[in-house]
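J.: My questions will all concern the structure given below.
Every number here is computed from the coordinates shown, using simple stated rules; none is lab data. Predicted, not measured: the structure shown is a model, and the values here were computed from it. Virtual Cβ from ideal backbone geometry, glycine too; neighbours counted across all protein chains shown.
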Amino acid sequence: MAKGDVKTVGQILKELQPGSRYVKLAKIQPTGSLEAKKLAGGAIIFNWRYTFKGKDDRPIIGTYDPHAPPKSLEPTERGFSYMAAVRAAEAMALEHYKSRGDGGRPALVAQKEKEISDAQKMQEIFEKKTLKQLCNDYCDFLSELGRSSHRDSRSIFQLHVVEAFPKIANLPAKEVSATHVASMMRKLYESNKGRTSNKLRSYLRAAYTIAQASVSKPNIPEKFQEYGIVHNPAAETFPDESANKPGKRPLSENELIEYCKIIQADSSIKGATLRLHLFTGGQRIKQFVELKTEDVTSDSITIYDGKGRPGRPPRPHLIPLIKEGMAALAECKPAGMYAISTDGGETHIHETTLSDWAKTLVGEKIPNFQLKRVRSGIETLLASKGIDKSIRGRLQSHGISGVQDRHYDGYEYLKEKMMALVTLHAALNPKIEKAKGENIEPPI
């Protein structure tokens, strides 16, 4: 090579000796330079060199790939061409230059390391936050809200998730898939427990919904954010529609009349409680038996409807009392905490107890009698007497949906509920009402 000839970058890189000092290859805009050094093993490493606050730094760009196309601007699987290294150095230089006021590249590196560390810590948390723990936290949350469904959901989770599928139960909740949920549902379905399968799906879906919503809803405990839930696997499954068909064949009008006669003839607390249940419109048994004495007035009772969207507390449901309802309530002798009780109000009677009382009194007089058929029978009867669907829904606390109904309609519909109850009593006591001249005007 003649004197004064300038070596190409390729020649410079080829002549580098193992363990040699860094060689400057090019000036980098807006700051710094591209350097190279040959390691003892023979590999050549590109570095971007820059000075900040009096200190030199040489962050590594990558390994030189002598087989890369000379003008390629992107790294290959083996490393960088010279031009690709220049472009990478320029990107690092520009990033540093723009952030000089905030500490430059050292601050950027520290921030990225912190982000990586935080991500690792969060991943460790996610791995500890199992499906089993999510189920428990969800049930505890329902209990704190006063939702009685926490007992049923806790039982279903224990039996059909924790015990039946321990490996899935101990997976991080965010790693549970729709396939996992479907497997749990399928086992129940194949055991002819389609309804339980659907309930499991519903409870899992609600638990994941709460965890997802915790990021933006301040009324959901912060601990749910630690699950890192971004999708709902239960929502991606499908219920067994055949298992959701109602099995509550409504009592006919004649059967309801017969039932009314039977319980009116019983003077014990059994008859009184069943009359109160009937003359308040056949409320949900579980909610009815939990009536508290403090929620009883001279002309109304208030029970709490725990059905509704996940994460919401029970909704107060105010029911007026016709005079027959008042009389039945007085015979129950409300005292202590619970109005319907056999131990002075310390505990309320169980829903199965009330159902058994009714079944015992009815005996064989009404074929296939079940107390739950009273509720659906009342709605059917009221519909036949011209009571509007919305009023029937208000009386039995169902079908109340929509933003207007949930948030803006504060009217209690007491007059309309009372009219429905008077109509019900008239229909169940036709001879008595006829003797009164069929005067069924509501007392309010």
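J.: What distance in nm separates the simple spin-label points at Ser202 and Ser267, each placed 7 Å from Cα in the Cβ direction?
T.: 4.3
J.: Please sort 46-52, 105-111 by packing, taking for each peptide the average over its residues of neighbouring beta carbons within 10 angstrom, highest first. If you can, show how the numbers build up before the last one.
T.: Numbers: 46-52: 19.4, 105-111: 14.7.
Packing proxy ranking, top to bottom: 46-52, 105-111.
J.: Given R₀ = 30 Å, what would the calculated FRET efficiency be for Asp343 paired with Arg186, taking r from the Cβ atoms and rounding to 0.05? Intermediate results must be reported in sequence, preceding the final value.
T.: Numbers: r = 44 Å, r/R0 = 1.47.
FRET efficiency, Asp343 to Arg186: 0.10.
J.: Among Leu108, Ser355, Pro218, whose Cα lies farthest out toward the positive end of the dipole of the chain, if unit charges sit on the beta carbon of Lys, Arg (+1) and Asp, Glu (-1)?
T.: About the Cα centre, the residue reaching furthest to the positive side is Leu108.
J.: Mean separation of Cα pairs under 8 Å and 6+ residues apart, divided by the residue count of the stretch 127-244: what relative contact order is that in percent?
T.: Working: 141 pairs, mean separation 33.9, N = 118.
Relative contact order of the stretch 127-244: 29 percent.
J.: Any idea how far apart His350 and Ala213 come out in nm if each label point goes 7 Å out from Cα toward Cβ?
T.: Here the modelled spin labels are 3.2 nm apart.
J.: What percent does the relative contact order of the stretch 253-435 come to when contacts are Cα pairs within less than 8 Å and at least six residues apart? Please list the in-between numbers first.
T.: Numbers: 240 pairs, mean separation 46.6, N = 183.
Worked out over the stretch 253-435, it gives 25 percent.
J.: Using packing as a proxy for protection, rank 54-64, 349-359 so that the peptide with the highest average count of other Cβ atoms within 10 Å comes first.
T.: Values: 54-64: 14.0, 349-359: 17.2.
Highest mean packing first, the order is 349-359, 54-64.
J.: Could you compute Rg(Cα) / (2.2 N^0.38 Å) for the stretch 253-435, with N its residue count? The partial results should precede the final answer.
T.: Numbers: Rg = 15.9 Å, N = 183, 2.2 N^0.38 = 15.9 Å.
My calculation over the Cα atoms of the stretch 253-435 gives 1.00.
J.: What is the magnitude of the charge dipole of the stretch 253-435 about its Cα centre, with +1 placed on the Cβ of each Lys and Arg, -1 on the Cβ of each Asp and Glu, and no other charges, expressed in debye to the nearest 20? Numbers along the way, then the final one.
T.: Numbers: 26 positive and 23 negative charges, 90 e Å.
Once rounded to the nearest 20, the dipole reads 440 debye.
J.: Using a Förster distance of 25 angstrom, determine the FRET efficiency expected from the C-beta separation of Lys24 and Leu94, and round it to 0.05.
T.: Details: r = 19 Å, r/R0 = 0.77.
Efficiency at R0 = 25 Å is approximately 0.80.
J.: Could you please rank Asp102, Asp240, Asp65, placing first whichever residue has the fewest other Cβ atoms within 10 Å of its Cβ?
T.: Sorted ascending by nearby Cβ count, the order is Asp102, Asp240, Asp65.
J.: Among the DSSP beta bridges whose two residues both lie in the chain, what percent are antiparallel, rounded to the nearest 5?
T.: On the way: 25 of 26 bridges.
If I count the DSSP bridges inside the chain, around 95 percent turn out antiparallel.
J.: Given +1 on the Cβ of Lys and Arg, -1 on the Cβ of Asp and Glu, and no further charges, what dipole in debye does the stretch 22-171 carry about its Cα centre, rounded to the nearest 20? Write down the numbers at each step before the final one.
T.: Numbers: 24 positive and 19 negative charges, 127 e Å.
Using Cβ point charges on Lys, Arg, Asp and Glu, the stretch 22-171 gives about 620 debye.
J.: Hey, another quick one. What does the highest-first list of 200-211, 155-166, 315-326 look like by mean Cβ count within 10 Å?
T.: Ranked by mean Cβ neighbours within 10 Å, highest first: 200-211, 315-326, 155-166.
J.: As I understand it, the dipole of the chain uses +1 on the Cβ of Lys and Arg and -1 on the Cβ of Asp and Glu, about the Cα centre. Which of Gln396, Gly345, Thr76 lies farthest toward its positive end?
T.: Thr76
J.: Further, regarding this structure: Keeping to pairs on different chains or 8 or more places apart, tell me how many lysine pairs in the stretch 176-273 have Cα atoms under 16 Å apart. Show your work: numbers first, answer last.
T.: Details: Lys187/Lys199; Lys193/Lys245; Lys199/Lys245; Lys261/Lys270.
The number of close lysine pairs in the stretch 176-273 is 4.
J.: A follow-up question, please. What's the magnitude of the charge dipole for the chain around its Cα centre, counting Lys and Arg as +1 and Asp and Glu as -1 at the beta-carbon? Answer in Debye, nearest 20.
T.: On the way: 68 positive and 53 negative charges, 306 e Å.
That gives the chain a dipole magnitude of about 1460 debye.
J.: Go ahead and estimate [θ] at 222 nm for the chain from helices alone: -39,500 (n - 2.57) per DSSP H run with n ≥ 4, summed, over the residue count, rounded to 500.
T.: Computed ellipticity for the chain at 222 nm equals -14000 deg cm²/dmol.
J.: Restricting to Cα pairs below 8 Å that are 6+ residues apart, what does the relative contact order work out to for the chain? Please round to a whole percent.
T.: On the way: 623 pairs, mean separation 41.9, N = 444.
It comes to 9 percent, rounded to a whole number.
J.: Just the Cα atoms of the stretch 127-244: what Rg and Dmax do they give in Å?
T.: Both quantities, over Cα of the stretch 127-244: 13.4, 41 Å.
J.: Hey, with R₀ at 41 Å, roughly what FRET efficiency would Thr360 and Ser298 work out to, going by the Cβ-Cβ distance, to 0.05? Walk me through the numbers on the way to the answer.
T.: Working: r = 31 Å, r/R0 = 0.76.
Efficiency, rounded to the nearest 0.05: 0.85.
J.: Could I ask something else about it? Sequence neighbours fewer than 8 away in the same chain don't count; with that in mind, list the aspartates and glutamates whose C-alpha is under 12 Å from Lys292.
T.: Glu346
J.: Let me ask something additional. Farthest toward the dipole's positive end in the stretch 45-95, which of Ile60, Tyr50, Ala88, given Cβ charges of +1 (Lys, Arg) and -1 (Asp, Glu) about the Cα centre?
T.: Tyr50
J.: Here's something else I'd like to know. Taking the structure as given and computing semi-axes √(5λ) of the Cα gyration tensor in Å, which label from (i) 78, 22, 19; (ii) 63, 26, 19; (iii) 38, 25, 19 fits?
T.: Identified label for the calculated read-out: (i).
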